[in-house]
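Read through the structure below, which is laid out as structure tokens, and then see the notes.
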Amino acid sequence: MKHTLVALVENKPGVLNRVASLFRRRNFNIVSLAVGETETPEVSRMTIVVDASRTNAALVEQNLLKLVNVIAVQDVTDEPVVARDLALIKVKANRETRSEIMQFVDIYRAKIVDVSAESLIVEVTGPEAKLQTLLDLLRPFGILEMVRTGRVALVRGSGAYAGNGHRRNGNGEEARTPVPGADGREGV
Amino acid sequence: MQLTGAEIIWESLLREGVDVLFGYPGGAILPTYDALSKYPQIHHVLVRHEQNAAHMADGYARASGKVGVCMVTSGPGATNLTTGLATAMMDSSGIVAITGQVPTKAIGSDAFQETDVTGVTLPVTKHNYLVSRVEDLAQTIHEAFHIARTGRPGPVLIDVPRDLQNARTEFVYPTTPVRLPGYRPKPSGSPEQIRRAAALINAAKQPVVLAGHGITISGAQDELLEFVEKTGIPVSTTLLGISSIAESHPLCLGMMGMHGEAYTNLAIQDSDLVFAIGMRFDDRVTGNLAKYLPHADVIHVDIDAAEIGKNVPTDIGIVGDAKAVLQQILPLVEPGERSDWLNKINEWRNEVRARDIIHQEFPDDILLAPHVMHELWRVTGGAVLVTTDVGQHQMWEAQYFRHDRRNQLITSGGLGTMGFALPACMGAKFAQPNEEIWCVVGDGGIQMSIPELATLVQENLDVKIAIINNGFLGMVRQWQELMYDRRYIATPLLQPDFVKLAEAYGIMGMRVTRQTELAPAITRARAHRGPVLIDFRVEEDTNVFPMVGPGRALHDMIRRPLHLVATEAAQ
Ligand SMILES: Cc1ncc(C[n+]2csc(CCOP(=O)(O)OP(=O)(O)O)c2C)c(N)n1
């Protein structure tokens, strides 16, 4: 199962390095990490997707909170969220295949953003599953290049990051966090 | 008041209460050193290697409960610090390191003596800073001390480019408490978790308390004692938890883990509830995790939320300061009737006593490290502070010196850094000038920090050095004996004549080769005002037992044989 963590961090030099270095040295398996600005200039927002079958998401959360520049972390996996990933896919296309590809693009409400004699660039946004199916459909035509942003997510409703939902530094109380596989005693 | 960055550093240190620091100069920190001439209130100790500046700051911090400070130059000066920072990081010791850096404009150009110090030290510091404006310097130092000393303490490094040390700005030291958006250590535990924990404790039939370094750091010794006496629950300590409760206390089971006494490890493995406070279930105390605590529920109290559930599944996690949490839980726990449990432990304890080396007779010329530790404890009445290095002597000290006083042992637990004991004892002496301080160290470890003997003499520090000289890198030799078929590769060790060496430095030196010489030598050393070095020539091929082999369950120990040494020495 994949867990989505949202971290609000101080927008200072080196903070991304601190986060990346933490993941490396704790041997955390991270599926994706997206960083960007927020409504507050001093704060950046990181959306981190953790493969929870290999890495304990609660430990990732607690270790992020230990970084002095990390302001708040929330595991939004069980929250109602809008989660999006964006992909740009360059796919081989010739006169015969182009219209078929465009049909798929239409069905998935993706966009063609570049056309050349031998290829198309498709832009698609949505949850990962949607991107994945479109990718699978396009693969037989020949994918030349692809880039994805990784997941970004916002919790639905009017709450903002300062809201109570966020686990702030030090509030690890309810952390019942067996490390899966570490000692064969799954769960408690 | 307009001051230079260099002056701001000293003014800020003064305001943080610093009167001594440990360091080594060089080009990139020279403006700051130059300004020190205006601050005679601050004593600078010139070390002989930067690693030892960090260890001294660390020893100072552990012995005083205050933040220790060290200062070095850029590049090699800063990289030499890293082992000391990592040692302090692993053992939650609050130090502040100030490093010079090449001028701002030169950063990134591979300038002479440039190293990416914030990059290099990132994983071994609690936090670090590269100061980019002289206007930020005072605030940065203020924050650094706050971060180093609060929450789970740790090393904080401030890298200061040389141009900022010369730049001028208005100096105003922040007087308000530090407020950082992402750093708010949680003082007390959640009342709900505490209530649940108390219920588990009151219902437990075979509980044990596992006390770690957090007890000493938070000053929770009174609360721990009160808890133990109120509930009647026995307590075992980690290596760094030693002396958080008097070891003579009938409910103190002593040190747990790889070289813990058998009755201690057996009690832990047999327990139905573990109440762990300020310890982190290091692999040296758990043994094989899959076989650890087969019957016990786990309550884990730690100031660091990321420790809870890291190694051992936790039934109740409580994030908070050890002292505060103990105060919260004390009114909720009840005295329990657990005489069956205590009798069971005492049976194991009696069986262990029979194997104790101290209760066996050996010829006078068979001098064993445990004899040295036992006599050191007996002759001094235990009224000393001890620093130990890493290896067999460290474990024997833990086993055979009885620590009844608080904060009595300073050792490198988490990182196991050889070369720690001597500089740490010097730092501790600055913190506790009236304490008698003994540095217990192997013949290998002392050779890692021997240049500091010159510092010792230059500073005229009255500390006593006990070299446990077994002619080997003993602990490694032990592993080779037990696990590598006695192939002693790279462990036999040639030493200088330590007595002559001491004398070369102007230190009184002695050699002890027999048991009957122990007490007179220790007494003489104590009577001498000034540093003394004693070369204790102990038997070469003895092993530390009990021992939980790597990968073994905690209760699966190689026991101390009934006649261990007699047979080994005869070989
Ligand atoms: C800096 C460092 N290097 C290597 C080790 C590995 N090591 C652990 S114990 C030990 C032997 C220590 O020998 P000595 O100082 O003579 O002490 P003894 O074990 O004989 O008491 C070694 C090499 C270490 N802990 N630290």
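The values are calculated or read from the model by the stated rules, or taken from the named source; none is laboratory data. No experiment lies behind these values; they were computed from the predicted model shown. Heads up, the Cβs are rebuilt from the backbone with ideal geometry, glycines too, and the neighbour counts pull from every protein chain shown. Just so you know, the surface numbers come from the protein's heavy atoms only, side chains and all, with ligands and any DNA or RNA stripped out. Shrake-Rupley method; radii C 1.70, N 1.55, O 1.52, S 1.80 Å.
Data overview
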quantity: Cut-off under 5 Å, modelled amide H: who pairs with B:Arg511 long-range; calculated: B:Asp535
quantity: D (Stokes-Einstein, µm²/s), Kirkwood Cα radius, region B:191-347, 1.306 mPa s at 10 °C; calculated: 106
quantity: At R0 = 35 Å, FRET efficiency that the Cβ-Cβ distance of B:Ile107 and A:Leu88 yields, to 0.05; calculated: 0.50
quantity: GluC sites (Glu not before Pro) restricted to DSSP loop in region B:335-368 with at most 11 other C-beta within 10 Å; calculated: B:Glu337, B:Glu361
quantity: Accessible area buried, both sides summed, chains B and A with 1.4 Å probe, Å²; calculated: 2700
quantity: Computed FRET value (nearest 0.05) for B:Ser64 with B:His295, which takes r as the C-beta separation and R₀ as 41 Å; calculated: 0.50
quantity: Chain B - Cys residues lacking any other Cys C-beta under 4.7 Å; calculated: B:Cys70, B:Cys252
quantity: Whichever aspartates and glutamates have a C-alpha closer than 18 Å to that of B:Lys230, once near sequence neighbours (fewer than 8 apart) are set aside; calculated: B:Asp222, B:Glu247, B:Glu334, B:Glu337, B:Asp340
quantity: Reach of B:Lys464 by Cα under 25 Å, taken over lysines that are not fewer than 8 positions away in the same chain; calculated: B:Lys66, B:Lys429, B:Lys500
quantity: P(r) tail fraction, region B:1-154 - alpha-carbon pairs more than 29 Å apart, %; calculated: 8
quantity: Heavy atoms of B:Ser109: accessible area, 1.4 Å probe, square angstrom to 10; calculated: 70
quantity: Interchain or long-range residues, amide H under 5 Å from B:Gln206's placed H; calculated: B:Asp272, B:Leu273
quantity: Inter-label distance for B:Ile358 and B:Thr513, nm, one decimal - labels placed 7 Å from Cα along Cα-to-Cβ; calculated: 2.7
quantity: Peptide-level mean, for A:58-68, of C-beta atoms on other protein chains within 10 Å; calculated: 6
quantity: Under the Karplus curve 6.51 cos²θ - 1.76 cosθ + 1.60, θ = phi - 60°, whole-Hz ³J(HN,Hα) for region B:121-136, x wherever Gly or Pro sits; calculated: 9, 3, x, 10, 10, 6, 7, 9, 9, 10, 6, 10, 9, 4, 5, 8
quantity: Two-decimal ratio, region A:82-148, of alpha-carbon radius of gyration to 2.2 N^0.38 Å; calculated: 1.00
quantity: Region B:367-538 shape via C-alpha gyration tensor axes, a/c threshold 1.5; calculated: rounded
quantity: Cα pair distances exceeding 39 angstrom across the protein assembly as shown, given as percent; calculated: 44
quantity: 10 °C / 1.306 mPa s Stokes-Einstein diffusion coefficient of chain B, Kirkwood radius on C-alpha pairs, µm²/s; calculated: 64
quantity: Beta bridges per DSSP with both ends in region B:2-170, % antiparallel, nearest 5; calculated: 10
quantity: Note, ³J(HN,Hα) from phi for region B:11-28, Karplus 6.51, -1.76, 1.60, rounded to Hz, x at Gly and Pro; calculated: 4, 5, 4, 4, 5, 8, x, 7, 10, 9, 8, 10, x, 7, x, x, x, 6
quantity: Net charge dipole size for the protein assembly as shown [Lys, Arg +1 and Asp, Glu -1 on Cβ; Debye, nearest 20]; calculated: 920
quantity: FRET efficiency, 1/(1 + (r/R0)^6) with R0 45 Å, evaluated for A:Ser116 and B:Ile489 via beta carbons; calculated: 0.10
quantity: Above-threshold pairs, the threshold being 24 Å between Cα atoms, out of A:Lys66/B:Lys310; B:Lys38/B:Lys126; A:Lys12/B:Lys105; calculated: B:Lys38/B:Lys126
quantity: Whole-angstrom Cα spans of region B:201-259 along principal axes, big to small; calculated: 29, 26, 19
quantity: Accessible carbon and sulfur surface of the protein assembly as shown relative to its total accessible area, %, 1.4 Å; calculated: 52
quantity: Karplus-derived 3J(HN,Hα), 6.51/-1.76/1.60, for each residue of region B:299-316, Hz, glycine and proline x; calculated: 10, 10, 9, 8, 6, 9, 4, 6, 7, 6, x, 5, 10, 10, x, 10, 7, 9
quantity: Sum of -39500 (n - 2.57) over DSSP H runs of 4+, divided by residues of chain B (222 nm, nearest 500); calculated: -10500 deg cm²/dmol
quantity: Computed over chain B: relative contact order in percent, which uses C-alpha pairs under 8 Å that are six or more apart; calculated: 14
quantity: Å² of accessible area per residue within region B:2-170, as computed with a 1.4 Å probe and no ligands counted; calculated: 33
quantity: Sequence-distant residues sharing a close amide H with B:Asn288 (under 5 Å, placed H); calculated: B:Gly551, B:Arg552, B:Ala553, B:Leu554
